[in-house]
Amino acid sequence: MLTLAADVEVLARFGRALADPIRCRLLIALRQAPAHPSDLAETLGISRTRLSNHLACLRDCGLVVAVPVGRRTRYELADPRLGHALDDLRSAVVAVAADRTCTEAEEKGCC
């Protein structure tokens, strides 16, 4: 059984990964299917170097794994349950006050 500290660390890792829009797009792409870095870079419209940095972050967070395929490497979600978690997060309804912008909420540390 996980301890509270372990639960918090898992959620913090997931939050760190989701804190960047490119990493969010990358996770959604990998939710659809495993892919090679060149394909992911093209799909996301970013450089291979930038993609590599984001993949390294997602690997460090434990959310994606690199799978050797011959001379190439394919990336996929580390656990199929992550795909379900992403689906649940994407379908959640978020209530935002009409008079507050995300920038204002960020200044208060909550967006």
Return a yes/no flag: does segment 58-66 have any residue that is farther than 28 Å from Asp7 by Cβ and open to solvent by 70 Å² or more (accessible area, probe 1.4 Å).
no
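Report those helices (runs of 4 or more DSSP H) wholly inside segment 1-81 carrying at least 2 residues which are without any contact (Cβ under 8 Å) to a residue 40 or more places away in the chain and within 21 Å of Ser91 (Cβ to Cβ).
The helices (runs of 4 or more DSSP H) meeting that bar are 4-18, 21-32.
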Taking Ala97 and the conditions (1) outside any helix (DSSP H, G or I); (2) at pLDDT 95 or above, which numbered condition does it fall short on, given that it satisfies the others?
(2)
Please work out which residue is surrounded by the fewest Cβ atoms within 10 Å (Cβ to Cβ), limiting yourself to segment 1-37 and to residues that are among the β-branched types (Val, Ile, Thr) and over 17 Å from Tyr75 (Cα atoms).
Thr3
Of those in segment 71-94 that are open to solvent by 100 Å² or more (accessible area, probe 1.4 Å) and over 19 Å from Arg25 (Cβ atoms), the residue modelled with the lowest pLDDT is Val93
I'd like to verify a number: residues in segment 38-57 that are of a type outside the set (A, V, I, L, M, F, W, C), over 15 Å from the mean Cα position of the chain (by Cα) and open to solvent by less than 60 Å² (accessible area, probe 1.4 Å), how many?
1
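The values are calculated or read from the model by the stated rules, or taken from the named source; none is laboratory data. As the structure is a prediction and not an experimental result, all values here were calculated from the model. Don't worry about glycine lacking a Cβ; one is built from the backbone with ideal geometry, like all the others, and counts go over all protein chains shown. Ligands, DNA and RNA are excluded from the accessible area calculation, which covers all protein heavy atoms including side chains. Shrake-Rupley method; radii C 1.70, N 1.55, O 1.52, S 1.80 Å.
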